[in-house]
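Note sheet for the following structure.
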Amino acid sequence: MTEATCPANLLLTVGNSMMGDDGAGPYLAELLEQNPASDWVVVDGGSAPENHAHRVHDLRPQRVVIVDATDMGLEPGEIRVVDERCIADMFIMTTHSLPISFLIERLRESVAEVVFVGIQPAVVAYSFPMMDVVKQAVEHLHERLRSGQGLDGLECLVAA
């Protein structure tokens, strides 16, 4: 693969669609598979995104955006670009076995820019459906990516 064929943006979605709102990431991957966004490649990392890090390394994107349902103490469905210091300082919790900070560290071995986007869940429990407010947030994020707006203008969650 040459430098010219490397994608500019790679979206790594995280989550388990059998766990209610934790399916936000896989739902976004599904939407992007059905209706792709220009300049974006999507990898559905499922509930063990660290197992897909090698795919990201092989693609050598300029930027990776990780999207996951994340308890940030906000209203359900709210979306934030999460400052990396928040991930470490506030111990932001996801439902996955390894801390998201570990994944970010691993991806930085070959990617210059890694961004984490959290979607506030309402219910994360086995066999629950995704709540409408979270589903709408995912659809909103999908439209932002498709329209070319991307992450521009999204609120940030920063460490105090």
What single numbered condition from (1) within 15 Å of Glu139 (Cβ to Cβ); (2) free of Cβ contacts under 8 Å to residues at least 24 places away in the same chain fails to hold for Gly25? (2)
Please count how many residues of region 146-156 are under 18 Å from Ala8 (Cβ atoms) and either of a type in the set (Asp, Glu) or part of a helix (DSSP H, G or I) (or both). 3
Filter region 112-145 for residues that are in contact with a strand residue (DSSP E or B) (Cβ under 8 Å, 6 or more places away or on another chain) and in a helix (DSSP H, G or I) and give the result. Val134, Ala137, Val138, His140, Leu141, Leu145
All but one of (1) acidic (Asp, Glu); (2) crowded, with 16+ Cβ neighbours inside 10 Å; (3) part of a helix (DSSP H, G or I) hold for Asp68; which doesn't? (3)
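Going through region 99-111 one residue at a time, which ones are part of a helix (DSSP H, G or I) and touching a helix residue (DSSP H, G or I) at 6+ places or on another chain (Cβ under 8 Å)?
Passing the criteria: Ile100, Ser101, Phe102, Leu103, Ile104, Arg106, Leu107.
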Among what's in region 1-35 and is touching a Pro at 6+ places or on another chain (Cβ under 9 Å) and of a type in the set (Val, Ile, Thr), pick the residue that is surrounded by the fewest Cβ atoms within 10 Å (Cβ to Cβ). Thr13
Keeping to region 36-52, report how many residues are touching a Ser or Thr at 6+ places or on another chain (Cβ under 9 Å) and either surrounded by fewer than 17 Cβ atoms within 10 Å (Cβ to Cβ) or outside any strand (DSSP E or B) (or both). 7
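Restricting to region 53-65, name every residue that is more than 13 Å from the chain's Cα centre (by Cα), within 24 Å of Gly148 (Cβ to Cβ) and either crowded, with 18+ Cβ neighbours inside 10 Å or among the β-branched types (Val, Ile, Thr) (or both).
Of everything in region 53-65, those that are more than 13 Å from the chain's Cα centre (by Cα), within 24 Å of Gly148 (Cβ to Cβ) and either crowded, with 18+ Cβ neighbours inside 10 Å or among the β-branched types (Val, Ile, Thr) (or both) turn out to be Val56, Pro61.
We did not get these values from a lab; they are worked out from the coordinates using the rules stated. Because the structure is predicted, anything quoted here is derived from the model rather than measured. Every residue, glycine as well, gets a Cβ built from its backbone with ideal geometry; the counts of neighbours run over all protein chains shown.
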